[in-house]
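Encoded as C-alpha cells, the structure appears first; notes follow it.
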C-alpha cells in the first residue's frame with residue numbers, strides 16, 4: 001500500500017520569538033496607521049516635459065464646496081492653460097436640479113468663484129454604478145483625442161484620501177505617455193489624526209479597502225474597447 005503521509009520538520013517560534021513577531025507586526029500596523037492619511041492623500045504635481053509643470057488641471061466635479069474652493073486656489077497658483085471638470089450625472093436630490101452632472105456643477109462653481117483667466121471645459125461621464133473615476137479618466141482621454149490636444153502632463157485635483165485611488169486609475173486610463181500629477185484637497189471634517197473622528201475612520205478605512213481592491217482586482221480592458229467603455233452611449237464612442 002502506498003504511503004499517504006510523510007514526516008516533515010517544521011520550525012515554530014518560541015514564545016519569545018512569537019512575542020517579538022507580534023511586537024514587530026504591531027509596530028508596522030501602528031506606523032502605517034499614523035501615516036495612512038499622508039499615504040492616501042498625496043500631493044505630487046507633475047513636472048511636465050520642460051520641468052515647468054502641467055498645463056492641464058483636471059478637477060473631479062463631485063468635490064464639495066470647500067474642496068472646490070481649494071481647487072480655485074490651485075488654479076491660481078499654477079500655470080494652467082485649461083481646466084477640465086469631470087463627473088457623471090447628478091442623481092442626489094440634495095444637489096438640486098440646476099445641473100445635470102457634476103462636471104457642469106464644478107465648472108459653474110469655478111467660474112463663479114474667480115476662475116476666469118483660463119478656459120473651463122466640461123468633460124461629463126455617463127451614468128455608471130462602478131468604476132466611475134476610471135470612466136471619467138477615459139472621458140478625459142477621449143476629449144483630448146477628439147479635440148486634438150496633446151496631454152503630455154496633467155495635474156489631477158481630488159479629495160483627500162480618495163486622491164491616491166483616483167491618481168492610480170487616471171494613470172491606468174491615460175497610459176505611460178501622459179505624466180499624471182496629483183493634488184489632494186484637505187478634508188474639513190477631520191485632519192491627519194483620522195482615528196479621532198468617525199468621519200475620518202470611515203473615510204480612511206474605506207479607502208484602504210477600495211485601494212487594495214483596485215490594485216489587486218481591477219484590470220481595465222484595452223483602451224477604446226467596448227468592454228472598457230461599456231457605460232458610454234454609442235454616440236459618444238464615435
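Things to note:
- Residue 128 touching a helix residue (DSSP H, G or I) at 6+ places or on another chain (Cβ under 8 Å), surrounded by fewer than 22 Cβ atoms within 10 Å (Cβ to Cβ) and within 19 Å of residue 103 (Cα to Cα): yes
- Residue check, residue 52 within 30 Å of residue 148 (Cβ to Cβ) and in contact with a strand residue (DSSP E or B) (Cβ under 8 Å, 6 or more places away or on another chain): no
- Residue 54 passes every criterion in (1) surrounded by 15 or more Cβ atoms within 10 Å (Cβ to Cβ); (2) out of contact with any helix residue (DSSP H, G or I) (no Cβ under 6 Å at 6 or more places or on another chain); (3) not in a loop (DSSP other than H, G, I, E, B) apart from (3).
- Considering 16, 47, 6, the condition of being surrounded by fewer than 10 Cβ atoms within 10 Å (Cβ to Cβ) and outside any helix (DSSP H, G or I) is satisfied by 6 alone.
- Residue 184 meets the conditions (1) part of a helix (DSSP H, G or I); (2) within 21 Å of residue 45 (Cα to Cα) in every case but one. The failed one is (1).
- Whichever residue in the stretch 131-145 is part of a helix (DSSP H, G or I) and out of contact with any strand residue (DSSP E or B) (no Cβ under 9 Å at 6 or more places or on another chain) and, among such residues, is farthest from residue 219 (Cα to Cα): 145
- Members of the stretch 172-181 found to be in a loop (DSSP other than H, G, I, E, B), more than 18 Å from residue 80 (Cα to Cα) and touching a helix residue (DSSP H, G or I) at 6+ places or on another chain (Cβ under 9 Å), listed by number: 175
Just so you know, all these numbers are worked out from the coordinates, no wet-lab data involved. Because the structure is a prediction, the values reported are computed rather than measured. Virtual Cβ from ideal backbone geometry, glycine too; neighbours counted across all protein chains shown.
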